Amino acid sequence: MILTGPEIAREREAGRLILDPFDPGQVQPNSYNLTLGPTLACYTGEVLDTRRENPCTLVTIPEEGFVLEPDRIYLGSSVEVLGSNHLVPVIRARSGAARLGLFVHVTADLIDVGSIGQSTFQFHAVQPVRVHAGDRLAQVTFWTTQGDITLYDGKYQGSRGPQPSQIHRDITAAAAR
Amino acid sequence: MILTGPEIAREREAGRLILDPFDPGQVQPNSYNLTLGPTLACYTGEVLDTRRENPCTLVTIPEEGFVLEPDRIYLGSSVEVLGSNHLVPVIRARSGAARLGLFVHVTADLIDVGSIGQSTFQFHAVQPVRVHAGDRLAQVTFWTTQGDITLYDGKYQGSRGPQPSQIHRDITAAAAR
Amino acid sequence: MILTGPEIAREREAGRLILDPFDPGQVQPNSYNLTLGPTLACYTGEVLDTRRENPCTLVTIPEEGFVLEPDRIYLGSSVEVLGSNHLVPVIRARSGAARLGLFVHVTADLIDVGSIGQSTFQFHAVQPVRVHAGDRLAQVTFWTTQGDITLYDGKYQGSRGPQPSQIHRDITAAAAR
């Protein structure tokens, strides 16, 4: 089941999910709006690779906004720290961002139960689009679970700011076994 | 929980969700297929912006179909009016559209409980792809909710045809408070 | 409700879902990681069409990996055979793949209840990205259903390897009625 907006507020009060800072005006019928933080990360390499580290550079969004170009992937993050040890958060675009052709994730919408941090957005713009720090481009929904819970204890735990891919560490982990 | 196809038909009979027109042949095991209406909308500006209005032009899909180009975002809409005051609709592509590299939304798949209208698709084609009015490119699923319901009462209520982004109105609303 | 990782393992033991081969090390807090098989399919035509067959060519991923180019759609498949007659599988990217700008589906994330086979991925790379057979790029989640179940009996049943779009067969089916 998906939590309704009033239920998101209630479960937050009960300490069963984290949304911090919290503004009641951002509660939607089935979701909560997320705010874009000031920093973006871009890869510097020409060709990315799942099996090596991919170096990144950071950009601070200026006052007049920043134009996301179509041929690049940009990582951003939510101002809000979010997560739950009981429910599963799922990220999606707000309709108004998507209608401008702006993807806020790249099919990785699921947050593991027990993962608490600022959420990393994966931005991809179909046409150039200017975004601004403080824009509410994304939203989070919360879903009930069935079964025993094992909390997330992975490589992105406690994220602050946009976090580049760590998928190349899978190989190191596999080799170490 | 996600409604099965037979449950979608049953809940529609019971007046708990709207799918109109309704064709029993379009009920799938967990979803209902949606039909592409005749009109597409495209932005006319070079660089889009989350904080200003982005002008649009309308195109009618001709008899021979219309080729969606990769570097543009196109808004379309379902022929069907859909929504629910009890369940949450979520839109996705039919497999056959996605296997042609055609996105039917841009990470905005969630419809708020209480929002009733023709659904706006956000089309993005990875390679050029010819689509036709009447194509069944998308499907809708329905999900049960937990908690008190506050019905949607927002800027896209009662949509007919493709609706451009209204995200710039967030600013005006914030300034007015 | 979404199944937790331990519940995915338990339901598999109980024969209520299929994940084969199964490696307990790939169970995540709410999902199970999927492995990329050795074959990719690409369309050979310039402009794709929803109403005709779109010819494909197959590529075997070489030892050094294969660079996915941004302007093409690639179909891949999971090594794992998966599905369920009781639950609804939904596919998504692992976070590490998405953070490299690699879509693993094109808004077709839902698998019908009763559909059993290797899952076809729809890859789209925002920037060029090198992938390798055996990479764990995607994951599957499982969701409980409400209502009577009609099992899938469609055109992609029992898939092995990447399966091109069959959406043009909708027309033939409609014409035959």
Q.
Just to verify a result, which residue in the stretch C:60-85, among those that are aliphatic (A, V, I, L, M) and either open to solvent by 40 Å² or more (accessible area, probe 1.4 Å) or within 13 Å of chain A (Cβ to nearest Cβ) (or both), is farthest from the chain's Cα centre (by Cα)?
A. C:Val67
Q. Quick one: B:Arg169 ticks every box in (1) more than 7 Å from chain A (Cβ to nearest Cβ); (2) within 16 Å of B:Ser77 (Cα to Cα) bar one, so which box is it?
A. (2)
Q. Only one residue in C:Val106, C:Val140, C:Val88, C:Val126 is touching a residue at least 24 places away in the same chain (Cβ under 8 Å), away from chain B (no Cβ under 12 Å) and among the β-branched types (Val, Ile, Thr), so which one is that?
A. C:Val140
Q. Which of (1) within 14 Å of B:His132 (Cα to Cα); (2) surrounded by fewer than 22 Cβ atoms within 10 Å (Cβ to Cβ) is the odd one out, the single condition B:Leu34 does not satisfy?
A. (2)
Q: Give the stretch B:37-48 a look and list any residue that's crowded, with 18+ Cβ neighbours inside 10 Å and under 14 Å from B:Arg160 (Cβ atoms), or say none.
A: B:Gly37, B:Ala41
Q | Residues of the stretch A:139-174 satisfying the condition of being more than 30 Å from A:Pro24 (Cα to Cα) and of a type in the set (Lys, Arg) | A | A:Lys155, A:Arg169
Q: Report whether or not A:Pro6 is in contact (Cβ under 8 Å) with a residue 60 or more places away in the chain and out of contact with any His (no Cβ under 6 Å at 6 or more places or on another chain).
A: no
Q) Just to be sure, is C:Thr4 more than 13 Å from C:Ser119 (Cα to Cα), buried (at least 16 other Cβ atoms within 10 Å of the Cβ), within 12 Å of chain A (Cβ to nearest Cβ) and among the hydroxyl-bearing types (Ser, Thr, Tyr)? A) yes
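The values are calculated or read from the model by the stated rules, or taken from the named source; none is laboratory data. Since the model is a prediction, treat every value here as computed from it, not as a measurement. Quick reminder, even Gly has a Cβ in these numbers, built from the backbone with ideal geometry, and neighbours come from all protein chains shown. Quick note on the areas: whole protein, heavy atoms, side chains included, nothing else; ligands and nucleic acids left out. Shrake-Rupley method; radii C 1.70, N 1.55, O 1.52, S 1.80 Å.
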